[in-house]
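See structure below.
Here, each number is a calculation from the coordinates, and none is a lab measurement. These figures come from a predicted structure and were not determined experimentally. FYI the Cβ positions are ideal-geometry reconstructions off the backbone, even for glycines, and counts take in every protein chain you see.
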Amino acid sequence: MALAEKLKRLPDKPGIYMMKNEAGEVLYVGKAVSLKNRVRSYFRSSRHPDPKTANLVNQIADFDYILTDSEVEALILECNLIKKHRPRYNVRLMDDKSYPYLKVTLDEKYPRVFMTRRVIRDGARYYGPYTDVGAVRETLSLLKSIFPLRMCRQKSVAGQKRPCLNYHIKRCLAPCTGKVDAESYSDMIKDVCLFLGGKQEDLVKQLTGKMDEASANLDFERAAALRDRIKAVEKVVEKQKIVSLDAADQDVMAMFREGEVSCVVVFFIRGGKLLGREHFILEETSGMDDSEVLTAFVKQYYNQAEHVPGEILLAADLTELTVITTWLERRRGGRVRFRVPVRGEKAKLLKMAAKNAAEELAQHRAREEQAKARIEGALLGLREFLHLNQPPRRIECYDISNIQGAESVGSMVVFVDGKPRNDRYRRFRIKTVEGPNDFASMQEVIRRRFSRALKETAAIGEGRLDKAKAKFAELPSLVIIDGGKGQLSAAREAMRELGFDPIATFGLAKEHEYLYGEGSPDPIVLPRNSESLYLIQRIRDEAHRFAVAYHRNLRGKRSLKSILDDIPGVGPKRRKALVEHFRTMAALRKATVDDLAEVPGITGAVADAVYEFFQQEE
């Protein structure tokens, strides 16, 4: 349907809209009380308030929308879609997918506490996000020293004949040998959650009560252990700075801006004490006022933060105050107030947070400049060492992975200006080679890659393919083959056949990490401490990781298929349906009967059989 026709058909209802370019990429995600009015407003005038919006409108070739029942639902969906698509014209938290959390597995009989980067609605409790991995590890180490938590990785605690070393050094209660019951262990986990939630003083009171009770019952060993735990928690409390006398839970958010990048610092105040702070870098904030930037941050931050305090202090009013307040009050289950203090202690807190934001942004800029200088130096070094005509802006690296020829796969990773471009990575399942023949496998991968380049280039020239949608048409300025002279010769033969022999190509030998060029008996030895060598190693390691991950995925599917063959009632069609639905053995083992019954072709009886099979296996 033409864009003008779609604009006419827009409904006067709440929802989200996604602006797309000619390649189908999502440029911008927004929400609206009335999709009809909001989306049409982009096209009503040739003049827009800022260059950013003008550039966006110039690139819009299509749009999609999703209706919601309310503006609050639209806000939640908008946050999730921004995180999923990372649109160029939305304000974005940098690297928000990789923020670490502390996870408490409350869905397990004997819960564990560990660091994770994935938040799943699985019944566990998450604390975060954190921006400093070191701080997360330090907190985890502190928890281990205070609470005798189990550190084993398995989800269920299997019966063991004897406990591990951690039990003997009083770092674990040994639930694996039945030395602690589930109820007592659960009480300790509640204390852990109080600690992580910033309720240390409440925790001290509870532990003191338990210590007195143990002492009254003449259980002096338990009383002594609780006494030591209380002292450890009190040391943490002593280090916390009292910033509010009303013992409130608050988040304090202040911002510093420079160009297209902004930094927001969040102070966490729990029970009137400053527990810590985190900083977040935001991109694409030019042409926006402080209220718009803070609104975008608050939506994205609380969409992934687990705790919502009763009061949030800000440096500027939010542009969507009513809907955001309603959303957060639903999440919290209580009242949430936003305040913009201009005097008093709370205003001083904001000022202190703003100073921290300015310092963090300055350090971020300095780190970026250093990284940019290192990358540029590495590329210039490669031009010199490899005798190239210019610095290699696009580098492709290829690797082969198999086990005795089984499930042989190839990987292609792409670095542009020294940085990985994950969206341009490609993987190949070897089709024409049987057995462990890395030379022939590499030749097949190279031939398929550059054959696709020829086809796409021809299609672009004939107008059958848009250049933005082409995946292989852009050629590398440098190709690295993970392997020695044999793999290099095989790759070069395929490139010559297709007319791509002018592209600089080198093999990277694994033993000494020497580079070999075609027709040259002597290796090129990059200096051991050079940025050029570090870059080549990073690219090679990434190609190896990508190939191995694909190989493991295929091998896991094959193993899953063979295990499913042993379940009564599961034939080829049902086996295929289960593999495609759950993908991994771990996901299938976690599945309930209801989850299994949702798979097409799986009846209730078969779902019961599959569930019972894996229960017995455990």
TODO: Among I430, I446, rank each residue by its count of other Cβ atoms within 10 Å, from fewest to most, as a rough exposure measure.
DONE: I430, I446
TODO: Compute the separation of the alpha-carbon centres of the stretch 84-140 and the stretch 379-432 and state it in Å as a whole number.
DONE: 31
- [ ] Show me 288-295, 498-505 ranked by packing, highest mean number of other Cβ atoms within 10 Å first.
- [x] 288-295, 498-505
Task: Count of Lys pairs (Cα-Cα under 15 Å; at least 8 positions apart or interchain) in the stretch 239-387 - done: 7
Open item on the list: Give the lysines whose C-alpha is closer than 25 Å to that of K576, dropping any in the same chain fewer than 8 places away, or say none.
Closed with: K431, K557, K561, K590
- [ ] For K170, list the lysines whose Cα falls under 17 Å from its own Cα; do not include residues on the same chain fewer than 8 positions away.
- [x] K144, K179, K231
- [ ] Determine, for each peptide in 457-468, 482-493, the mean count of other beta carbons within 10 angstrom over its residues, then list the peptides with the highest first.
- [x] 482-493, 457-468
Task: Mean shadow area of the stretch 101-241 over all directions, Cα convex hull, nm² - done: 9.1
TODO: Express in nm, to one decimal, how much length is gained between E221 and R9 on full extension, taking 0.36 nm for each residue of separation and deducting their alpha carbon distance.
DONE: 68.9 nm
- [ ] Neighbouring Cβ atoms within 10 Å as the yardstick, rank C263, C172 fewest first.
- [x] C172, C263
TODO: Determine, at each q value in 0.06 (inverse angstroms), the log₁₀ of I(q)/I(0) that the Debye formula gives when each Cα of the chain is one equal point scatterer.
DONE: -0.46
Open item on the list: Rg/Rh for the stretch 565-617 to two decimals, with Rh computed the Kirkwood way over all alpha-carbon pairs.
Closed with: 0.89
Open item on the list: With 13 Å as the cut-off, how large is the P(r) tail for the stretch 114-158, expressed as percent of Cα-Cα pairs?
Closed with: 65
TODO: Pop out the Kirkwood hydrodynamic radius of the stretch 250-362 from its pairwise C-alpha distances, inverse of mean 1/r, in Å to one decimal.
DONE: 14.1
TODO: Scan the chain and note any complete DSSP helix (H) whose C-alpha atoms cover at least 27 Å along its axis and whose Kyte-Doolittle average is -0.5 or more.
DONE: 220-239, 438-461
TODO: Straight distance only, please: which aspartates and glutamates reach the Cα of K419 with their own Cα at less than 17 Å, same-chain residues fewer than 8 apart left out?
DONE: D95, E368, E369, E376, E396, E474, E531, D541, E542
